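Each remark here refers to the structure printed beneath this line.
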Amino acid sequence: MLTRLKAKSEGKLAKQICRVVLDHFEKQYSKELGDAWNTVRDILISPSCWQYAILLNRFNYSFELEKDLHLKGYHTLFQGSLPYYPKSMRCYLSRTPDRMPSERHQIGNLKKYYLLNAASLLPVLALELRDGEKVLDLCAAPGGKSIALLQCAYPGYLHCNERDSLRLRWLRQTLESFIPQPLVNVIKVSELDGREMGDAQPEMFDKVLVDAPCSNDRSWLFSSDSQKATWRISQRRNLPILQLELLRSAIKALRPGGLLVYSTCTLSKAENQDVISEILNSYTNIMPVDIKEMARTCSQDFTFAPTGQECGLLVIPDKGKAWGPMYVAKLKKSWTT
């Protein structure tokens, strides 16, 4: 019976794959990733293979939950020694595509854990957040990376910005579900166009995260409306323009000496390496920060594709490590202009 149900649900999911998007990805990514694309594609089109990491909420810690995860064979992320890995962050992975149920949002009750793609913690860790710092999460909804940042350290000030009003509501609810009231007082939530943030708050922040709008490969593949999917693909070439504008704004908002991390959840070279190369070529005060060590330390949990950049990593979904796509680049603003 269970096998029949599983086959039925997999058949249903398979029907929902958008052919237009898959054909587009096939053309682009077989060129950009070579043979690796075959494995990546097989995982992206099979949600039954997807894995979900469990990020424990330090503000409502459950010893029982942690014990239960150990008993079920979950292991902690980054068992290797990352140069920066705060003890307060606890994230558990299963080698199998097991999925814990999501907790319901209840006003006044903090959730115990957050389900996420484990690769989305890499940009957060790359920021090397310290207590007391001023931090900007420029494109913050739905809020997972903001939650993860707060598992790492207690910022002096965290500014979460989201331009889209529907996604902004989602962000507020996420923060309400995970963060205790005293800490909420050091968090500001705004609805600015991220491209205006640099002018509004110049050189205000020690650390800036730009988790940019991108052609989200996982969700695009399951577009139910093929007309909308075709339109999205035609608009895809405009995304690097927006991403560059957001980065330029973020650079203005970053203080000299501060760190900036750029991330996307697409495999697209045009939205990843090309965007960062353009920034490095057009600023004399923005320096690449080598993060190859992060890839070396994390190779037991993630598979990385070569990016040709010391400051950029690309996590690609693989068998038994179905995390990503996730591109992460780390930059520093120097004191000289």
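Quick look at the values:
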{"read-out": "Estimated translational D of region 174-308 in µm²/s (Stokes, Kirkwood radius over Cα pairs; 25 °C; 0.890 mPa s)", "value": "142"}
{"read-out": "Overall form of region 165-244 per C-alpha gyration tensor (a/c, 1.5; a/b vs b/c)", "value": "oblate"}
{"read-out": "Sequence-distant residues sharing a close amide H with C311 (under 5 Å, placed H)", "value": "I291"}
{"read-out": "Residue with peak Gaussian network fluctuation, the chain [Cα springs, cutoff 10 Å], from L239, L313, L150", "value": "L239"}
{"read-out": "Cα-derived Rg over Rh, computed across the chain with Rh taken as Kirkwood radius", "value": "0.95"}
{"read-out": "Solvent exposure of region 19-333 as accessible area per residue, Å², 1.4 Å probe", "value": "43"}
{"read-out": "The chain: DSSP helices with Cα axial extent of at least 15 Å and average Kyte-Doolittle hydropathy no lower than 0.5", "value": "239-253"}
{"read-out": "Radius 14 Å from Cβ of Q51, net charge of other residues (Lys, Arg +1; Asp, Glu -1)", "value": "+3"}
{"read-out": "Cleavage-rule hits (chymotrypsin sites (Phe, Trp or Tyr not before Pro)) in region 29-111: DSSP loop, at most 15 neighbouring Cβ within 10 angstrom", "value": "W50, Y61, Y84"}
{"read-out": "Region 287-337 - percent of accessible surface contributed by carbon and sulfur, probe 1.4 Å", "value": "58"}
{"read-out": "Cα coordinate range in region 278-325, projected on the principal axes (Å, largest first)", "value": "41, 18, 13"}
{"read-out": "At most 13 other Cβ within 10 Å, DSSP loop - trypsin sites (Lys or Arg not before Pro), region 293-325", "value": "K319"}
{"read-out": "Amide hydrogen neighbours beyond the local backbone of D318, cut-off 5 Å, H modeled", "value": "W323"}
{"read-out": "Over region 123-178: Kirkwood hydrodynamic radius from C-alpha pairwise inverse distances, Å", "value": "11.3"}
{"read-out": "DSSP-defined beta bridges in region 19-333 - what % are antiparallel, rounded to 5", "value": "60"}
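The values are calculated or read from the model by the stated rules, or taken from the named source; none is laboratory data. All values reported here derive from a predicted model rather than from experimental measurement. Neighbour counts run over all protein chains shown; Cβ positions are idealised from the backbone, glycine included. Heavy atoms of the whole protein, side chains included, go into the accessibility calculation; ligands, DNA and RNA do not. Shrake-Rupley method; radii C 1.70, N 1.55, O 1.52, S 1.80 Å.
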